[in-house]
Amino acid sequence: MQENEERTPLITPAVVPNQSNYNAIENARDAMSKFVVNNVAGESGRKLPQYIAGLAASGGALAAGTFLGWTAPTDKPLTVQMEYGFPISSEAFSWIGSISNLGAAVMCFPIGYMMKLIGRKWSMLAMVLPLVLGWLLIIFAENVAMMMVGRFFLGVGGGAFCVAAPTYTAEIAQPSIRGTLGTFFQLMVTVGILFVYAVGAGVDVQLLSIICGIIPLVFGAIFFFMPESPYYFVEKGRYSEAAGSLKKLRGAQYDEAAEIEDLKQEDAKMKAESITILEAFRQKATIRALCISLGLMFFQQLSGINAVIFYNSDIFASANGGEEMSSASIIVGGIQVAATLVASVVVDKVGRRILLLVSDFMMAVSTILLAVYFQLKQDDPSKVADLSWLAVLAVCLFIAMFSIGYGPVPWLMVGELFANNVKAFASPVAGVFNWLLAFLVTKVFVNLKDAMGEAGVFWLFSGISLVGTVFVFFVVPETKGKSLNDIQRLLAGEKVNNSEQGSVQANSDNTVQQIA
């Protein structure tokens, strides 16, 4: 009613407005100007707080990276040198290494419901408990069973972060930086892996595990001060808290009214269109998002990443005259970090599809080179005496290309592709699928190698990567710079006018500059 009274002077020319009327008009115009700029552009406000929150959330990925990389420097100390004082066979160690994948798969569904119930922030903070418990079991392990249970708990915590962190970063970020923030997760995973490789080269297994156990505690202490996702507050009807969250994420001067209104409308629409799991998977947008997500996870895990990592020490040793290189794993870890860092910088500039296409095609080229190398080595080892450099180059190229595209982008896109009303039970499906594939590939790789030979395995991986390239070209849409609503429209078959969106963005940015 008050709003109508303020607008009366604008539509009644017979009344001569006084100074207070002019002030009301100016205030209304100023508010409307801010509303239009924020609502249309969605890009006003500061970006730095969003980067800080994204990095803090990715601290959980750092913790996940440490347990993923832990098996590499601990294999021989535990199985050959028996540092813990009890025997661990190669078969038992393979279970110790791979059972964390099952723990991650088990947690993917519960974390989705936890995020809906207690929020994204507290769900991630709750995962500090299984991570710390897992490391404690490993630190004080007296038998293989304790190590396996510890690794399972580490998988529980790490698997939860793989779902929660991309969801959180996708919801707190504005479209222009959402891709960069999304790649922080994979970047921090690779940093965690490199950290374990480097530290593990100089300390024993127990001290390494103690150091790794401290990381989740540091993450919890930092992330505790980060804001909750405004999406969650709006879902719960806590609009003042949503506004406070946006102020923290966009800056104190940000006019959050338009974005809150947009979120409220989206939430009202979702609640009005509330659907069951079965109904969700009948929707065209959800079905297409699920197919894309599962496809990306399939080609990520069957690209040969585990095989390349498994063989990198042997290949580097071959290039070094048969002597093992203690720095081989550190070199690989460094390449992973550098390439993922590059991806985080360029993903919002060149787009997701380009990175996936280049990544998968070059991985195919790399595994072809490795297949040729192993085929020649199998036929006559003397033929590859002078070609060790080629195998090393292929490994480095493969790791770099995986880390720049198929490493970070699938997880990023899972956070983007699903609508909020289905994300809680759709995103975990992709996570479970990924972890089960990781477990399967890890366990059957040795059998596959025995049946097909090294060359045959890499020929298989190269063929899968080529098929993955075709899959990306024909099936995967570009989500760069699009709002989450526009992505849903795109998946549903509607047209999203990118040129018009870009024009609006440019005009809105100019308006912001003029107002400032």
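The values are calculated or read from the model by the stated rules, or taken from the named source; none is laboratory data. This one's a predicted model, so the numbers in the text were calculated from it and none came from an experiment. So basically every Cβ, Gly included, is an ideal-geometry build from the backbone, and we count neighbours across all protein chains shown. Remember, those area values only see protein heavy atoms, side chains included, never the ligands or the DNA or RNA. Shrake-Rupley method; radii C 1.70, N 1.55, O 1.52, S 1.80 Å.
A few points about this structure:
- Scanning region 476-498 for residues that are open to solvent by less than 20 Å² (accessible area, probe 1.4 Å), in a loop (DSSP other than H, G, I, E, B) and β-branched (Val, Ile, Thr) yields Val476, Thr479.
- Residue in region 404-418 that is open to solvent by 30 Å² or more (accessible area, probe 1.4 Å) and among the aromatic types (Phe, Trp, Tyr) present: no
- Residues satisfying the stated conditions in region 253-285, i.e. assigned to a helix (DSSP H, G or I), over 18 Å from Ser483 (Cβ atoms) and open to solvent by 60 Å² or more (accessible area, probe 1.4 Å): Lys271, Ala272, Ile277, Leu278, Glu279, Lys284
- Exclusive hit being modelled with pLDDT under 90, part of a helix (DSSP H, G or I) and not assigned by the TED database to the domain that holds Val350, set Leu187, Leu154: Leu187
- Residue within region 429-448 that is closer than 30 Å to Gln265 by Cβ, assigned by the TED database to the domain that holds Ser465 and of a type in the set (A, V, I, L, M) present: yes
Residue by residue, here is whether (1) under 17 Å from Gly157 (Cβ atoms); (2) of a type in the set (Gly, Ala, Ser); (3) open to solvent by 20 Å² or more (accessible area, probe 1.4 Å) holds:
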{"site": "Thr74", "(1), (2), (3)": "no, no, no"}
{"site": "Ser100", "(1), (2), (3)": "yes, yes, no"}
{"site": "Ser123", "(1), (2), (3)": "yes, yes, no"}
{"site": "Ala126", "(1), (2), (3)": "yes, yes, yes"}
{"site": "Glu142", "(1), (2), (3)": "no, no, yes"}
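- In the set (1) modelled with pLDDT of 90 or more; (2) in a helix (DSSP H, G or I); (3) surrounded by fewer than 20 Cβ atoms within 10 Å (Cβ to Cβ), Phe225 fails one condition alone, (2).
- From Leu302, Leu290, Leu296, Leu249, residue being modelled with pLDDT of 85 or more, more than 24 Å from Arg489 (Cβ to Cβ) and in the same structural domain as Trp459 (by the TED database): Leu302
- Hey, Ser90 open to solvent by 10 Å² or more (accessible area, probe 1.4 Å), hydroxyl-bearing (Ser, Thr, Tyr), in contact with a helix residue (DSSP H, G or I) (Cβ under 7 Å, 6 or more places away or on another chain) and within 30 Å of Tyr311 (Cα to Cα) or not: yes
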